[in-house]
Amino acid sequence: MISLYLQGNLHKTKMINIAAIEHYLPEKVLTNSDLEKEFPEWNAAKINAKIGIDVRHVAGENETSLDLAFKACQKLFKNYDKSNIDFILFCTQSPDYFLPTTACMLQDKLELPKKTGALDFNLGCSGFVYGLALAKGLISIGLAKNVLLVTAETYSKFLDKEDKSNRSIFGDAAAVTIVEKDDSKADFQFSVGTDGSGFENLIVKNGASRFGKSDDATLFMNGPEIFNFTIENIPGLVEDTLSKNSLTMEDIDLFVFHQANSYMLNYLRKKCKIPEDKFVIDMKNSGNTVSATIPIALESALRNGKIKSGSKVLIAGFGVGYSWAAGIIEF
């Protein structure tokens with residue numbers, strides 16, 4: 001079981017545990033060699049050296065975030081009793097429909113009881129930590145005991161075929177996490193942050209209400225501005241998280257940040273003065289999967305033994321919005 005501390009201003013709240021994590025990657029893949037064939041001016045090895053990605057998985061033409069989430073849940077339920085779930089939180093920016101809520105459809109596909117609560121929330125790279133905070137809130141007020149937190153994205157459907165930069169970065173995936181009530185644990189704190197002035201630097205402008213219907217709903221990312229936002233805000237977030245939890249860098253066994261790209265992560269690691277052996281970079285075979293990167297990286301670290309019983313892991317998500325959130329997970 002995983003105990004969770006989150007930075008913030010709430011006190012004397014109940015602790016939650018993460019009971020299980022699973023993920024699913026689409027079968028279709030896009031390799032660096034594939035990109036090199038499309039864009040001969042690019043070199044596969046250089047792509048890997050710069051962003052730390054060899055392969056990204058791409059949803060099929062008729063494959064959606066709901067489909068990926070359902071397949072991740074099928075893996076999860078091999079070792080977890082789905083009858084325990086009483087609420088679904090579905091984080092996605094690529095829902096199947098504007099309405100109805102994707103979480104409602106997932107409840108039906110999973111054949112969960114009709115008393116199960118379900119809602120979507122639209123958030124990107126900080127969505128996993130936001131989701132943990134929302135799950136904590138539901139559990140604290142007694143509305144749920146066991147929350148299925150879903151983070152699923154198919155950003156590939158927003159990418160222009162000629163946009164070699166973003167196609168080299170983003171991959172599709174779903175991760176599913178069980179968040180459980182645990183009265184035996186101490187309270188925890190959380191913090192989230194927002195700077196909406198940067199909303200246009202990572203955006204899909206067309207297709208929603210502002211610009212109406214469109215067959216050209218493509219993603220735009222101002223990479224330099226996203227990089228600057230991250231470098232300006234995340235080191236302070238890390239320091240504040242440690243301070244509010246009365247911990248030091250030495251108390252943390254592992255740091256798992258949103259897996260944006262290896263260049264950004266290495267720059268952040270050095271700026272935050274995090275030892276290399278305590279820092280996770282895990283996107284080589286999946287790419288930047290947006291809200292799913294942190295749980296996928298946590299699952300991998302658990303499987304390969306980087307996280308052991310008693311380990312404290314600092315997680316931080318940041319990106320589109322702008323938005324950010326951080327916390328500490330104790331295993």
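Quick notes
- Every residue from the range 126-149 that is under 16 Å from H258 (Cα atoms) and open to solvent by less than 10 Å² (accessible area, probe 1.4 Å): S126, G127, F128, V129, G131, L132
- A count restricted to the range 77-100 and to residues that are more than 17 Å from the chain's Cα centre (by Cα), not in a strand (DSSP E or B) and not polar (S, T, N, Q) stands at 12.
- Residue count for the range 299-331 under the criterion of being of a type in the set (G, A, S) and either touching a Ser or Thr at 6+ places or on another chain (Cβ under 8 Å) or part of a strand (DSSP E or B) (or both): the result is 8.
- For the range 192-203, a residue qualifies if it is buried (at least 18 other Cβ atoms within 10 Å of the Cβ) and under 14 Å from N222 (Cβ atoms), and the qualifying residues are G198, N201, L202.
- Any hit, the range 164-183, residues being in a helix (DSSP H, G or I) and aromatic (F, W, Y): no
- Residue match in the range 174-195 (condition: among the acidic types (D, E) and within 30 Å of A44 (Cα to Cα)): no
- Test for K270: is it farther than 27 Å from S33 by Cα, surrounded by fewer than 23 Cβ atoms within 10 Å (Cβ to Cβ), among the charged types (D, E, K, R) and in contact (Cβ under 8 Å) with a residue 24 or more places away in the chain: no
- Evaluation of F158 against the conditions (1) in contact with an Asp or Glu (Cβ under 9 Å, 6 or more places away or on another chain); (2) under 27 Å from A69 (Cα atoms); (3) open to solvent by less than 70 Å² (accessible area, probe 1.4 Å) shows that the sole unmet condition is (1).
- Boolean, L302 is among the aliphatic types (A, V, I, L, M), more than 14 Å from the chain's Cα centre (by Cα) and open to solvent by 10 Å² or more (accessible area, probe 1.4 Å): yes
- Residues in the range 275-293 that are surrounded by 20 or more Cβ atoms within 10 Å (Cβ to Cβ) and under 18 Å from P235 (Cβ atoms): V280 alone.
- Members of the range 142-160 found to be in a loop (DSSP other than H, G, I, E, B) and in contact (Cβ under 8 Å) with a residue 40 or more places away in the chain, listed by number: L143, A144, K145, T154, L159, D160
- Within the range 83-99, the set of residues being under 27 Å from K213 (Cβ atoms) and touching a strand residue (DSSP E or B) at 6+ places or on another chain (Cβ under 9 Å) comprises F90, C91, T92, Q93, S94, P95.
- Residues satisfying the stated conditions in the range 83-99, i.e. open to solvent by 70 Å² or more (accessible area, probe 1.4 Å) and either farther than 22 Å from G137 by Cα or charged (D, E, K, R) (or both): Y97, F98, L99
- Yes/no for F211 being assigned to a loop (DSSP other than H, G, I, E, B) and open to solvent by 60 Å² or more (accessible area, probe 1.4 Å): yes
- Extreme residue, modelled with the lowest pLDDT, among residues of the range 7-51 that are assigned to a loop (DSSP other than H, G, I, E, B) and farther than 30 Å from F190 by Cα: W42
- Residue within the range 225-246 that is farther than 30 Å from F331 by Cα and not in a helix (DSSP H, G or I) present: no
- In the range 26-46, the residues that are open to solvent by 40 Å² or more (accessible area, probe 1.4 Å) and either aliphatic (A, V, I, L, M) or closer than 22 Å to A301 by Cα (or both): V29, A45
The values are calculated or read from the model by the stated rules, or taken from the named source; none is laboratory data. Everything quoted here is computed from the prediction, not taken from an experiment. Quick reminder, even Gly has a Cβ in these numbers, built from the backbone with ideal geometry, and neighbours come from all protein chains shown. Please note that ligands, DNA and RNA were not included when accessible areas were found on the heavy atoms of the full protein model with its side chains. Shrake-Rupley method; radii C 1.70, N 1.55, O 1.52, S 1.80 Å.
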